[in-house]
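Written out below as structure tokens is the structure these notes cover.
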Amino acid sequence: MPLRPPLALCVLLPTALAADAATTIVRGPYLRLATPTGMVVHWRTDTTEPSVVRFGLARDQLTRSAKAGGVGTEHVVQLTKLEPATRYFYVPVTGNDKSKPGGEDSPLTGRINSFGTPPRPGPVRPGPPASGSSAIPAPKTPPKPPCATPS
């Protein structure tokens, strides 16, 4: 008679393996509500986990992190205290590091993206005319009337 594993082992082992499966981003990330000093990063995952974004001024120096409260599959994280007119690199953190709540120290498994913050609003400065403009500039001096010929 062949040996059969206990029923509990057959049920619990697949569940335990699924809990350690890699998280997949199924939508996004995409950016919303850009301001000179802030940005919102939004994405969706296939498993429930905390919402954490690592970001920084260089692709290899994502030294800052931001997180939203709670856990879920819909992630919306506000990045604040950014500099205007500056390029930032960011990555949503997936696959929680079980030793650190919030996942801030998780290994970066996603693609590193970038965005630029808009400049601070200021006075409108006139620029050069748009290229390809169909407008015909007005003449600088009025045209001379045609010469009359004596009859």
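The values are calculated or read from the model by the stated rules, or taken from the named source; none is laboratory data. Note that the coordinates shown come from a computational prediction; the quantities given were computed from them, not determined experimentally. Note: ideal-geometry Cβ built from the backbone for every residue, glycine included; neighbour counts use all protein chains shown.
Which of the residues spanning region 49-96 are within 12 Å of the chain's Cα centre (by Cα) and surrounded by fewer than 19 Cβ atoms within 10 Å (Cβ to Cβ)?
Passing the criteria: VAL76, GLN78, ARG87, PHE89.
Taking only pairs six or more apart or across chains, which ones have beta-carbon atoms under 6 Å, a first residue in region 52-68 that is small (Gly, Ala, Ser), and a second residue that is outside any strand (DSSP E or B) and buried (at least 18 other Cβ atoms within 10 Å of the Cβ)?
That search, which allows pairs on different chains as well, returns GLY56/LEU62.
Can you name the strands (runs of 3 or more DSSP E) wholly within region 54-151 that have at least 2 residues being at pLDDT 65 or above and over 16 Å from VAL40 (Cβ atoms)?
Working: elements: 64-79, 87-92, 113-116.
Fully inside region 54-151 and qualifying: 64-79, 87-92.
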